[in-house]
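A.B. asks: Structure below; questions to follow.
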Amino acid sequence: MLNTFQQSAHPALPQITADEASRQEFAKSFKGFIQSDLLPGLTPVYQTRVSRKFAKAHGRAPADRRDIRAGMVEDLYFQHYAAANRIAQELLWESVNVSVDRQLPELIEKAKELSASTPAKLLIPEGFEPPRYVTALDIHCMPGGYCSEVCADDISVGALYDRGVYLYSMGYTGPDNDDMGRSVVNYLKRNKPDFKPRRILDMGCTVGHSTLPYKELFPEAEVWGIDVGGPVVRYAHARAAAMGQEVNFAQMNAEDTSFPDGHFDLVVSHILLHETSGKAMPKIFQEAFRVLAPGGMMVHADLPPFDLMDPFTQFILDNETWYNNEPFWGAMRDMDQVALAEKAGFDRAEVRFDTAPMAVMEFAAAAAGYSQEASEHVAERDFTAGEFAPGGGWEVLIAHKPEEKALAA
């Protein structure tokens, strides 16, 4: 599919000059070139060169993604691909940082104004300490990560993320960067038409881009987005107000929130799990179980576990671990998430993986344009899981808390 989406403007988003727009479009197009022209070349390189060389050296074919990597890293074509991919990632953040830095004081004041215009809550606890697995490095090479603050009331990394993730996804997160949340919302609407949550929690919400569709589908619900980064939460609150949505945000750790037991009917996350440590993931599942009311639902949207894909696809996706500051990316996909959910208290029979079709693809196919109403008229069709891939979908881990299940201690 030809991607024609451009990011929708809103009052919290950094304004860009013609030169900045040109640089950002180049960064986006460069990444698109790598994905569409360089990445496909890895398959024949592996099949015709690398696998044969590996077999000759070891007396056997490559057995898993680690064997494949051992062979591929010595190949010039792969080296060229990996270097270009890393350069593109750094370039896209730098292209946005220029516009954020240029107008940061104005962006901060605008965010304050927008936040003051909504009755939705914004909680930033004094003395909050983000977990080290988030602050120890700049995840996905984003300068400053999610938590860095350069001044009082800082929102800089939030503004950076809002524009940067659009470039990173090459537009496939849609005009509002909300494809993951909207995809899960559409999934719930189709598969759980009678489900009417009163309270919804989005864990690891960053700038709330995936949070807002839940308020759109469930306008009467109390919706909260939480994240360990103060700047992204401040920006999320202002952004939601700018987009006309009354959504609450708080700086909290998904491992240990301050919400009461059984407070929410729906707990969700969107690409959170692969940015948490192996020790944090079980705690997140346990906390989701604790804050869910009996009969509530947990939905984590991410990419599929490695055991659902072939070794070469595992190798391709695992490049994020090696070259894009995603240290938990590969480890998360090796974990038994169903077992984690069961250990947290969910009934194993009520835990499963499914695929939520990418909303942006359905919207593009709808003649009426990009709207919730238009997407409902798109015929059902099969999708396969992928990352910002045309015709793809998001892998979702779904767990139900039984009505009769006692709250975990």
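The values are calculated or read from the model by the stated rules, or taken from the named source; none is laboratory data. A quick note: this is a predicted structure, and the numbers were derived from the prediction, not measured. Using ideal geometry, Cβ is built from the backbone for each residue, glycine included, and neighbour counts are taken over all protein chains shown. Areas reflect the complete protein model, heavy atoms only, side chains present, ligands, DNA and RNA absent. Shrake-Rupley method; radii C 1.70, N 1.55, O 1.52, S 1.80 Å.
A.B. asks: When only Cα pairs under 8 Å and 6 or more residues apart are kept, what is the percent relative contact order across segment 1-141? Walk me through the numbers on the way to the answer.
C.D. replies: Values: 60 pairs, mean separation 49.7, N = 141.
Dividing the mean separation by the residue count of segment 1-141 yields 35 percent.
A.B. asks: Further question: Quote the relative contact order of the chain in percent (integer), defining contacts as alpha-carbon pairs under 8 Å separated by 6+ residues. Write down the numbers at each step before the final one.
C.D. replies: Working: 738 pairs, mean separation 68.0, N = 409.
It comes to 17 percent, rounded to a whole number.
A.B. asks: Can you give me the accessible area per residue for segment 64-111, using a 1.4 Å probe, in Å²?
C.D. replies: On the way: 2220 Å² over 48 residues.
Per residue, segment 64-111 has 46 Å² of solvent-accessible surface.
A.B. asks: Right, next: Give the average over all directions of the projected area of the C-alpha convex hull of segment 1-149, one decimal, in nm². Don't jump to the answer; show the numbers that get you there.
C.D. replies: On the way: hull surface 54.3 nm².
That works out to 13.6 nm², a quarter of the Cα hull's surface.
A.B. asks: Percent of alpha carbon pairs in the chain separated by more than 38 Å?
C.D. replies: Values: 15383 of 83436 pairs.
The share of Cα pairs beyond 38 Å in the chain comes to 18 percent.
A.B. asks: Calculate, for segment 210-306, the solvent-accessible area per residue in square angstrom, rolling a 1.4 angstrom probe over the heavy atoms of the protein chains.
C.D. replies: Working: 2340 Å² over 97 residues.
For segment 210-306, the solvent-accessible area averages 24 Å² per residue.
A.B. asks: Something else now. Return, ordered by residue number, the residues of segment 112-146 whose backbone nitrogen is under 18 Å from a label point located 7 Å along Cα→Cβ of E94.
C.D. replies: 138-145
A.B. asks: Of the listed peptides 15-25, 277-287, what is their order by residue-averaged count of other C-beta atoms within 10 Å, with the highest listed first?
C.D. replies: Numbers: 15-25: 14.5, 277-287: 18.9.
Descending packing order for the listed peptides: 277-287, 15-25.
A.B. asks: How much of the accessible area of the chain, in percent, comes from carbon and sulfur atoms when a 1.4 Å probe is used? Write down the numbers at each step before the final one.
C.D. replies: Working: 9060 of 17180 Å².
Within the chain, the accessible surface is 53 percent carbon and sulfur.
A.B. asks: Considering only DSSP beta bridges with both partners in segment 130-262, what is the antiparallel share in %, to the nearest 5? Provide the component values of the computation, followed by the final result.
C.D. replies: Working: 1 of 10 bridges.
Roughly 10 percent of the DSSP beta bridges within segment 130-262 come out antiparallel.
A.B. asks: By per-residue mean of other Cβ atoms within 10 Å, what is the highest-first order of 339-345, 238-244? Please list the in-between numbers first.
C.D. replies: On the way: 339-345: 18.9, 238-244: 23.7.
Result, highest mean Cβ count within 10 Å first: 238-244, 339-345.
A.B. asks: Let me ask something additional. Once you wrap a convex hull around the alpha carbon atoms of segment 190-295, what is its projected area averaged over all directions, in nm²?
C.D. replies: Details: hull surface 26.7 nm².
With the hull built on Cα positions only, its mean projection is 6.7 nm².
A.B. asks: What is the distance in Å between the Cα centres of segment 32-106 and segment 123-137?
C.D. replies: 32 Å
A.B. asks: Taking every DSSP beta bridge with both residues inside the chain, roughly what % is antiparallel (nearest 5)?
C.D. replies: Numbers: 14 of 37 bridges.
Restricted to the chain, the bridges split so that about 40 percent are antiparallel.
A.B. asks: For the chain, what does -39500 (n - 2.57) per DSSP helix run (n ≥ 4), summed and divided by total residues, give at 222 nm, in deg cm²/dmol to the nearest 500?
C.D. replies: Working: 17 runs with 175 residues, N = 409.
Result for the chain, helices only: -12500 deg cm²/dmol.
A.B. asks: Provide the gained length on full extension for the span K196 to D37, in nm with one decimal, where the gain is 0.36 nm per separating residue minus the Cα-Cα distance. Mind showing how you got there, number by number?
C.D. replies: Values: separation 159, 0.36 × 159 = 57.24 nm, distance 4.43 nm.
Gain on extension, K196 to D37, equals 52.8 nm.
A.B. asks: Which of the pairs K196/K401; K28/K215; K31/K53; K196/K283; K189/K401 have their Cα atoms more than 22 Å apart in this structure? Please list the in-between numbers first.
C.D. replies: On the way: K196/K401 15 Å; K28/K215 30 Å; K31/K53 30 Å; K196/K283 27 Å; K189/K401 19 Å.
With Cα atoms farther than 22 Å apart: K28/K215; K31/K53; K196/K283.
A.B. asks: Here's something else I'd like to know. Once both labels are modelled 7 Å past Cα along the beta-carbon direction, what's the W322-V73 spacing in nm?
C.D. replies: Each label point lies 7 Å from its Cα, and together they span 0.6 nm.
A.B. asks: If I take every Cα pair under 8 Å that is 6 or more residues apart in segment 262-310, average their sequence separation and divide by the length, what percent do I get for the relative contact order? Before the final figure, lay out the partial values.
C.D. replies: On the way: 51 pairs, mean separation 28.0, N = 49.
Once divided by the residue count of segment 262-310, the mean separation gives 57 percent.
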